[in-house]
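Chemist: Before I ask anything, here is the structure I am working with.
Read the figures in this text as sums done on the coordinates, not as results from a lab. Note that this is a predicted model, so its numbers are computed, not measured. Here the Cβ is made from the backbone with ideal geometry for all residues, glycine too, and neighbour counts use every protein chain on show.
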Amino acid sequence: METEDEDFSFSAKETDSNGLSLVKIDTKTLLRKQKECATLKDLVEKVSRKDPKEFLKGYKMLPNGLLVKQQTDKLGEQRQLLIIPEEYRENIKALCHEGTSGHLGVTKTKDAFAKYFYWPQCYKDLEEYVKTCDKCQRVGKVNEKKKAPMKLVPIIPEVFSKINVDACGPLPTTPKGKKYFITAMCLASKYPDAVPVEDITSASVVDALMQIFSRLGFPKIIQIDQGRSFISELTQGFLQKFGVKVIHSSIYHPQSNPVEMFHRTVRRILRVLCLEAGSDWEQAIYPALFSLRTVVHESTGFSPAELFTMTSRTVYGTTKTTRNAVTPYANMSPHETSRQIESSANVEADERYLSVFK
Ligand SMILES: [Zn+2]
């Protein structure tokens, strides 16, 4: 739990949210605007007469006349980036930075942008946009870590098998009476989840954990910081019942602790979103989670949502985990079996499910 003083005195609702409505444009209009745009005119002309120099840069004209830029992404897939005419650039920049994009830093804003859009000098424009964002300036700079270069899809042992659970607060009481939020983060994929709660009594914690498990399945191991008051006998009993092993993370370095980083980032996003939406941080927590799930995490090189999909996991319920404990590899699809074998290096992994029978 973090108790450091932070400015959560949100200002009243502000009207400026031009970036929040999605950019409304159809193909026909985009085609016309690409041709009319003063900054693209020359390029459109060169590409349409198949200038080899522009071709090498990846510019291409689709059969319908739309100008795109071909680029290979980190998964080796060919992407066709839309070339945005000047008129829509402000909207696109806002789309990649504001609202559910969470007002994250330059790198993450560029990541959100780079998959779909392009225009000459776009990265310089984005840098400028983030640096001069009024809301970002008001809540302070993002602490962005340098991204680890990632060329291959990382091996994720088993998504959501080991999670860190923590509580964050107290924050200002929301209209619904919430003062804290219980957080969970998958340590492999960095997939975050959070549940606002009134207090951190065992009943509230158990309720929050149940909500998280219902969405993501039962983890094998929960890591909790030592001395946390919210882990009581009730909570321990609850976790034991579902065969979840609890470990304490007293030797964790706070600086490198992804959950501490996550808390800091969530609190920052909440502050920015509350500048946009008023003082109800409970409402702002879902857009905050959304942006964290969909932007690239610097330690993996992928977004948690991407890793989640890539590993195509199913939600593990008690029936499946119990069955697997008895005959671990029978009746599983080849895909599941290989994943199970991969993770079975953890000896205790399956034994613990037997506790469900007790
Ligand atoms: Zn911002």
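Chemist: With 10 angstrom as the radius, rank I200, I163 by how many other C-beta atoms surround their C-beta, starting from the fewest.
Modeler: I200, I163
Chemist: Quick one: net charge around Y180, please, counting Lys, Arg +1 and Asp, Glu -1 for every other residue with C-beta under 9 Å from its C-beta.
Modeler: Counting the neighbours of Y180, the net charge comes to 0.
Chemist: In addition: How would I269, I92 line up from fewest to most surrounding beta-carbon atoms within 10 angstrom?
Modeler: Ordered from fewest to most neighbouring Cβ atoms within 10 Å, I269, I92 come out as I92, I269.
Chemist: For E233 and R49, compute 0.36 nm times the residue count separating them, minus their Cα-Cα distance, and round to one decimal in nm.
Modeler: Answer, rounded to one decimal: 58.9 nm.
Chemist: Still on this model: With labels modelled as points extended 7 Å from the Cα through the Cβ direction, what inter-label distance (nm, one decimal) is found for F290 paired with L56?
Modeler: Reported label-point gap for F290 and L56 is 4.3 nm.
Chemist: Test of understanding: what is the full-extension gain from L75 to R264, defined as 0.36 nm times their sequence separation minus their Cα-Cα distance?
Modeler: Here the answer is 65.1 nm.
Chemist: Around C122, with a cut-off of 14 angstrom between Cβ atoms, what is the net charge of the other residues, counting Lys and Arg +1 and Asp and Glu -1?
Modeler: So the environment of C122 carries a net charge of +1.
Chemist: By DSSP, what percent of the beta bridges with both residues in region 27-117 are antiparallel, rounded to the nearest 5?
Modeler: So the antiparallel bridges in region 27-117 amount to around 90 percent.
Chemist: Separate question: By its C-alpha gyration tensor, with a ≥ b ≥ c as the square roots of the eigenvalues, how is region 20-100 shaped: rounded for a/c under 1.5, else prolate for a/b larger than b/c, else oblate?
Modeler: Oblate is the answer for region 20-100, as a/c is 1.5 or above yet b/c matches or exceeds a/b.
Chemist: I need M185, M210 ordered by Cβ neighbour count within 10 Å, fewest first.
Modeler: Neighbour counts put them in this order, fewest first: M210, M185.
Chemist: Would you work out if region 54-98 is rounded, prolate or oblate? Take a ≥ b ≥ c from the square roots of the eigenvalues of the alpha-carbon gyration tensor; rounded if a/c is under 1.5, else prolate when a/b is larger than b/c, oblate otherwise.
Modeler: oblate
Chemist: Efficiency by 1/(1 + (r/R0)^6): what FRET value for E127 and T201, r their Cβ-Cβ distance, R0 = 41 Å, to the nearest 0.05?
Modeler: The computed FRET efficiency comes out at 0.35.
Chemist: Can you give the extra length, in nm with one decimal, that the chain gains between A305 and K179 once fully stretched, where that is 0.36 nm per residue apart less the Cα-Cα distance?
Modeler: 42.6 nm
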